[in-house]
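Colleague: What follows is a structure written as structure tokens; I'll ask about it next.
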Amino acid sequence: MHRTLRAIMTSPQAAPPLPSLEITQRVARIVMRDAARRNALDARALGVLAEHLDEVAAHAGVDAVVLAGDGPAFCAGFDLAGCAEEPRRVEELLAGLSLCVRRLRALDVPVVARVQGAALAGGCALLTGCDFVVAARDAQLGYPTHRIGISPAISIPTLVSRMGPAARALLMSNELLDGATAHARGLATHCVEPAQLEGETEALVERLLAKGPLAMRATKRWIRTIEERSPGDLGPAPPRGASAMEAARDASVALASGEEFATMLRAFWASRSQAR
């Protein structure tokens, strides 16, 4: 066998592309690059995403952030193939996802998500950490997690902040919302035709950059102060700060450690594999 051909056949499969970060003209653009897997999140991708968010937070020249995904989908959630092999891997993914959502919320500058195709489970959770969600009309958003025996509890604090009482039905039903319905219920802030998605996202960013950057930062900090207050501060409101988000993360991890999740995930993945 030719040496080059042998090397190609025996070399390990290339690792999936990782999220990228580009900072130009006051805008940080973080793009999930694994289009072939609909930007499914594994531990490496979540780790790099968290690192990019830390880098953005430390960059004094950034006044807006765009979060996007390459290809036909924004983000289809966790890498279920790896979890089906070893269900306990999902614990690391839940911890990484929780960290990324908290990092998104902690940014002092406006964060705009550009959503096409699927934004499911962990992909939808990322949206709840953003300030603006520009969704294509035919996008699919939601939490189809119960069928694999896992709870979307990790999203409850930030999803309630965005949707209010409507979050209850979405989380319990596992219903998938198209872009128009997501906009009507408060999950998306903007809904546009697919062909207009890029243009509307860029126009929104330009409008945000035209505002006073110091005023924008002060506004975001005050929003966080209100959301993270204790029940005794400024009126009877439930806390949605770090402690609430950590408790929600731990609740999801506890369920993912059980036999129900392992059994249902393997059955679901096997049915998908047979259908291909």
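The values are calculated or read from the model by the stated rules, or taken from the named source; none is laboratory data. Just so you know, these numbers come straight off a predicted model, no measurement behind them. Every residue, glycine among them, receives a Cβ derived from its backbone with ideal geometry; neighbour counts consider all protein chains shown.
Colleague: When only residues in the stretch 28-73 that are in a helix (DSSP H, G or I) and not hydrophobic (A, V, I, L, M, F, W, C) count, which is farthest from Leu214 (Cα to Cα)?
Modeller: Per the criteria, the residue is Arg37.
Colleague: Ok, one more. Applying the selection to the stretch 104-121, what residues are at pLDDT 95 or above and assigned to a helix (DSSP H, G or I)?
Modeller: Passing the criteria: only Leu104.
Colleague: Checking the condition under 28 Å from Ala57 (Cα atoms), in contact with a Leu (Cβ under 9 Å, 6 or more places away or on another chain) and free of Cβ contacts under 8 Å to residues at least 40 places away in the same chain, which residue from Ala125, Ala188, Ala106, Ala135 passes?
Modeller: Of Ala125, Ala188, Ala106, Ala135, the one residue that is under 28 Å from Ala57 (Cα atoms), in contact with a Leu (Cβ under 9 Å, 6 or more places away or on another chain) and free of Cβ contacts under 8 Å to residues at least 40 places away in the same chain is Ala125.
Colleague: While we're on this one: Which members of the stretch 206-230 meet the condition of being among the aliphatic types (A, V, I, L, M), over 22 Å from the mean Cα position of the chain (by Cα) and farther than 19 Å from Val160 by Cβ? Steps first, answer last, please.
Modeller: Pass one, the stretch 206-230, residues among the aliphatic types (A, V, I, L, M): 208-210, 214-216, 218, 223, 226.
Restricting the remaining residues to those that are over 22 Å from the mean Cα position of the chain (by Cα) gives 209-210, 214-216, 218, 226.
Those that are among the aliphatic types (A, V, I, L, M), over 22 Å from the mean Cα position of the chain (by Cα) and farther than 19 Å from Val160 by Cβ: Leu209, Ala210, Leu214, Ala215, Met216, Ala218.
Colleague: Can you list residue pairs whose Cβ atoms sit under 6 Å apart, with the first residue in the stretch 75-92 being modelled with pLDDT of 80 or more and the second being acidic (Asp, Glu)? Count only pairs 6 or more apart in sequence or on different chains.
Modeller: Sorted first by the residue in the stretch 75-92, then by its partner, the pairs are Asp79/Asp42.
Colleague: Only residues that are within 14 Å of Cys100 (Cβ to Cβ) and surrounded by 24 or more Cβ atoms within 10 Å (Cβ to Cβ): list them for the stretch 57-73, please. I'd like the intermediate steps shown before the answer.
Modeller: Going residue by residue through the stretch 57-73, those that are within 14 Å of Cys100 (Cβ to Cβ) are 57, 65, 67, 69.
Selection gives Val65, Leu67, Gly69.
Colleague: Go through (1) free of Cβ contacts under 8 Å to residues at least 12 places away in the same chain; (2) within 26 Å of Ile223 (Cα to Cα) for Leu141 and report which single condition fails.
Modeller: With (1) free of Cβ contacts under 8 Å to residues at least 12 places away in the same chain; (2) within 26 Å of Ile223 (Cα to Cα) applied to Leu141, the lone miss is (1).
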